[in-house]
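In what follows, a single structure is set out as structure tokens and then discussed.
The values are calculated or read from the model by the stated rules, or taken from the named source; none is laboratory data. For clarity, every value in this text was computed on a predicted model and none was experimentally measured. Virtual Cβ from ideal backbone geometry, glycine too; neighbours counted across all protein chains shown.
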Amino acid sequence: MNDSLSCRENLLGLPRPQLESFVADLGSKPFRARQLMNWIYKRGEGDFASMSDLAKDFRAQLAVRAEIRPPEVVKVQSSADGTRKWLLRADSSQAFEMVFIPETDRGTLCISSQVGCALDCSFCSTAQQGFNRNLTTAEIVGQVWLAKRELGEFSTADSVDVLGDSHSPRSGSSGLRERAVSNVVLMGMGEPLANFRNVVPALRILLDDFGFDLSRRRVTLSTSGLVPQIYKLAAETNVALAVSLHAPNDELRSELVPINRKHPIAELLEACWHYIDEQNGRSVTFEYVMLDGVNDSPAQARQLARLLAGHPAKVNLIPFNPFPGTRYGRSPLPVIQRFRDELIKGGVLATIRKTRGEDIDAACGQLAGKVIDRTTVRLGSKIIGVAVSQ
Ligand code: SF4
């Protein structure tokens, strides 16, 4: 797909079959596409002139017709705990975010799928900005490419194993052992399934052996619950699925996650179990943000356990990250621990997410919210239909 800023084809937006067609249009054989992908995704090369095993004429053609252009970095924030957050430019007045979270056994990159979001979840910083636009496939893939370059991964490994378990850990600024990008989660700004048309090709490039070659279990798509698109996704790909649940009943969930008015919990859970059956997946991760006095009581934990027990489900309890202007507060740690214990007692696997990057603008959307032009579209609480790209 052509980016609006250039008439050259941004190759970061082309999954292998499309890249093969593009290369064929230039009069070259399909294997040239695989060579190109090797340069782009294994070696991180962005300059056609340096792709030494491609014919000179072909390189000259590419320089005229194509480009490898990741999003532009506006600002980088680094946390004392090693978390790094990039503010990236979409257009002259619009920005979105990407976050890298290094841990001892993995490095998770959280990427965005839209600039802003129309779904208006009441606890979400991104929601305050409303919706600006969908990111293109190239902008989604370009985040991973950019992060790997920024983290110095391509320079330390030019073989096909750059993302594999054999990658050597390095020392991060935190002093923690920092790993390469081993996991990618579509959990940044936006609702990925509302940008289905651009997200699915991006997933293909992440999983392709000739692309980033990530295992399906290391790529997670997180949705607030666009039920028809979950069924569609099950037919298209097999990445891990996470769902923003945040409440154990429809009354509360409709207040926190307005899309619930259209697709209530029972419908959503049915779609989740279908996804797991269809994809032979292990389990769905249910994200549950802990809001003080709102959704964090032991009775609510028991209600949630009754919904999920006996199903392939695990719950990730997320301590709320307050942002300016929010009416919510973070549940105290003992309350979160009690909630987790009730879930486990009720037969549901539950973990508490470690808070990271608290000394930077850690809540998703916070950094972008400070700089973007707020000319936005808001569906607000009157959600009856969400603009979804098919
Ligand atoms: S939580 Fe996700 S779906 Fe809801 S408004 Fe925020 S970015 Fe959008």
**Request:** Would you be able to say whether some residue in the stretch 77-86 is within 12 Å of V144 (Cα to Cα) and in a strand (DSSP E or B)?
**Result:** yes
**Item:** Hits in the stretch 199-238 - residues which are among the polar types (S, T, N, Q), over 21 Å from P102 (Cβ atoms) and more than 16 Å from the ligand (Cβ to nearest atom)
**Value:** T237, N238
**Complete:** Considering residues that are more than 16 Å from A55 (Cα to Cα) and among the aliphatic types (A, V, I, L, M), the number found within the stretch 12-29 is 3
**Message:** Among the numbered criteria (1) within 24 Å of I140 (Cα to Cα); (2) crowded, with 20+ Cβ neighbours inside 10 Å; (3) modelled with pLDDT under 95, which one does S28 miss?
**Reply:** (1)
**Some residue of the stretch 137-144 being closer than 14 Å to M189 by Cβ, modelled with pLDDT under 95, within 16 Å of the ligand (Cβ to nearest atom) and buried (at least 20 other Cβ atoms within 10 Å of the Cβ)** = no
**Prompt:** If you check every pair at least six apart or on different chains, which have Cβ atoms under 6 Å apart with a residue in the stretch 115-126 that is on the phi > 0 side of the Ramachandran plot first and a residue that is more than 7 Å from the ligand (Cβ to nearest atom) and of a type in the set (S, T, Y) second?
**Reply:** G116/T376
**Message:** under 25 Å from E191 (Cα atoms) and modelled with pLDDT of 95 or more: is that true of V64 in this structure?
**Reply:** no
**Fill in**
From the option list A299, A387, A368, A363, single residue qualifying as at pLDDT below 75 and over 29 Å from I101 (Cα atoms) is A387
**Asked** Out of all the residues in the stretch 217-244, which are touching a residue at least 60 places away in the same chain (Cβ under 8 Å) and not in a helix (DSSP H, G or I)?
**Response** T220, S222, S224, L226, A242, S244
**Item:** Every residue from the stretch 76-93 that is farther than 22 Å from G116 by Cα and acidic (D, E)
**Value:** D81
**Asked** If a residue has to be touching a helix residue (DSSP H, G or I) at 6+ places or on another chain (Cβ under 6 Å) and surrounded by 23 or more Cβ atoms within 10 Å (Cβ to Cβ) to count, how many in the stretch 110-122 make the cut?
**Response** 5
**Request:** Restrict the check to the stretch 264-281 and report whether at least one residue is crowded, with 21+ Cβ neighbours inside 10 Å, in contact with a Cys (Cβ under 7 Å, 6 or more places away or on another chain) and closer than 30 Å to A138 by Cα.
**Result:** no
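Could you pull out the residue among D165, D209, D161 that is more than 28 Å from S125 (Cβ to Cβ), at pLDDT 95 or above and surrounded by fewer than 17 Cβ atoms within 10 Å (Cβ to Cβ)?
From the options D165, D209, D161, the qualifying one is D209.
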**Asked** Of everything in the stretch 302-326 that's part of a strand (DSSP E or B) and of a type outside the set (K, R), which residue is farthest from I344 (Cα to Cα)?
**Response** P319
**Message:** Return the residues of the stretch 46-61 that are outside any loop (DSSP other than H, G, I, E, B), without any contact (Cβ under 8 Å) to a residue 24 or more places away in the chain and not hydroxyl-bearing (S, T, Y); say none if nothing qualifies.
**Reply:** F48, A49, K56, D57, R59, A60
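Looking for something farther than 22 Å from G190 by Cα and either touching a residue at least 40 places away in the same chain (Cβ under 8 Å) or away from the ligand (no atom under 16 Å from the Cβ) (or both) - is there at least one such residue anywhere in the stretch 257-265?
Scanning the stretch 257-265 turns up no residue that is farther than 22 Å from G190 by Cα and either touching a residue at least 40 places away in the same chain (Cβ under 8 Å) or away from the ligand (no atom under 16 Å from the Cβ) (or both).
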**Prompt:** Could you list, in sequence order, the residues of the stretch 99-121 that are more than 9 Å from the ligand (Cβ to nearest atom) and either among the acidic types (D, E) or more than 22 Å from R149 (Cα to Cα) (or both)?
**Reply:** E103, D105, V115
